[in-house]
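K.L.:
Have a look at this one before I ask anything.
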Amino acid sequence: MNTIRKSLLLQKRRWRIRKKIIGTALRPRVCVKFSSKHIYAQAIDDDAGATLAFLSSLDADLRKKKLSANIVSAKELGTAFAVKAVAAGISTVVFDRCGARYHGKVKQFADAAREGGLKF
């Protein structure tokens with residue numbers, strides 16, 4: 001399968017998921033994106049079009065730990081994101097996996113965020 005076809009299928013999965021998942025101020029959408037090197041997570045209020053909390057493996061505190069886009073780093077970033085989100089006043093969220101399957105890195109991130117205090 002060529003890369004153009006893969007990217008089209010990924011975009012269709014994202015659209016299909018986003019039709020069902022909408023973040024509000026009371027229950028924002030947690031979007032998790034994994035690139036080949038880094039992990040990005042943000043809590044989004046879709047009604048206002050605002051990002052309420054953001055964390056990535058590029059942040060200064062986490063960059064010292066040399067996190068990459070693997071399972072161990074996903075677990076650590078999930079815990080750190082949960083702490084940051086709870087500090088911002090977010091307790092319940094809707095999880096958006098951005099078209100990725102719910103296993104491996106995505107599952108570890110979600111489990112760590114749950115352990116950190118977020119309710120999905």
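K.L.:
Could you grab me the full set of residues in segment 41-65 that are surrounded by fewer than 16 Cβ atoms within 10 Å (Cβ to Cβ), over 20 Å from LYS19 (Cβ atoms) and not hydrophobic (A, V, I, L, M, F, W, C)?
P.N.:
Answer for segment 41-65, where residues must be surrounded by fewer than 16 Cβ atoms within 10 Å (Cβ to Cβ), over 20 Å from LYS19 (Cβ atoms) and not hydrophobic (A, V, I, L, M, F, W, C): THR51, ASP59, ASP61, ARG63, LYS64, LYS65.
K.L.:
So, one more: Just for segment 49-66: of the residues that are in contact with a Ser or Thr (Cβ under 8 Å, 6 or more places away or on another chain) and closer than 19 Å to VAL86 by Cα, which one is modelled with the highest pLDDT?
P.N.:
The selected residue is SER57.
K.L.:
Sticking with this structure for a sec: What residue, among those in segment 19-44 that are farther than 30 Å from LYS66 by Cα, in contact with a strand residue (DSSP E or B) (Cβ under 7 Å, 6 or more places away or on another chain) and not hydrophobic (A, V, I, L, M, F, W, C), is modelled with the highest pLDDT?
P.N.:
Within segment 19-44, the match that is modelled with the highest pLDDT is ARG27.
K.L.:
Quick check on ILE44: is it outside any loop (DSSP other than H, G, I, E, B) and β-branched (Val, Ile, Thr)? It would help to see each step written out before you state the result.
P.N.:
Numbers: outside any loop (DSSP other than H, G, I, E, B): yes; β-branched (Val, Ile, Thr): yes.
Yes: the conditions hold for ILE44.
K.L.:
Limited to segment 59-89, what total is found for residues that are in contact with an Asp or Glu (Cβ under 8 Å, 6 or more places away or on another chain), more than 28 Å from THR24 (Cβ to Cβ) and among the basic types (Lys, Arg)?
P.N.:
Qualifying residue count, segment 59-89: 1.
K.L.:
Same structure, new question: If I filter segment 20-40 down to residues being in contact with an Asp or Glu (Cβ under 8 Å, 6 or more places away or on another chain) and surrounded by fewer than 17 Cβ atoms within 10 Å (Cβ to Cβ), which single residue comes out as farthest from PHE95 (Cα to Cα)? Steps first, please.
P.N.:
Of all residues in segment 20-40, those in contact with an Asp or Glu (Cβ under 8 Å, 6 or more places away or on another chain) come to 21-25, 28-32.
From the residues that got through so far, the ones that are surrounded by fewer than 17 Cβ atoms within 10 Å (Cβ to Cβ) too are 21-22, 24-25.
Values: ILE21: 8, ILE22: 10, THR24: 12, ALA25: 14 Å.
Restricting to residues being in contact with an Asp or Glu (Cβ under 8 Å, 6 or more places away or on another chain) and surrounded by fewer than 17 Cβ atoms within 10 Å (Cβ to Cβ), the top hit is ALA25.
K.L.:
Return the residues of segment 62-120 that are part of a loop (DSSP other than H, G, I, E, B), charged (D, E, K, R) and either within 18 Å of ASP45 (Cα to Cα) or in contact with a strand residue (DSSP E or B) (Cβ under 6 Å, 6 or more places away or on another chain) (or both); say none if nothing qualifies. Full working, then the answer.
P.N.:
Quick first cut of segment 62-120, residues part of a loop (DSSP other than H, G, I, E, B) only: 64-70, 88-91, 93, 97-104, 116-118, 120.
Filter again for charged (D, E, K, R), leaving 64-66, 97, 101.
Hit for segment 62-120 is ARG97, nothing else.
The values are calculated or read from the model by the stated rules, or taken from the named source; none is laboratory data. None of the values given here were measured: they were computed from a predicted structure. Methodologically, a virtual Cβ is constructed for each residue, glycine included, from the backbone with ideal geometry; neighbour enumeration extends over all protein chains shown.
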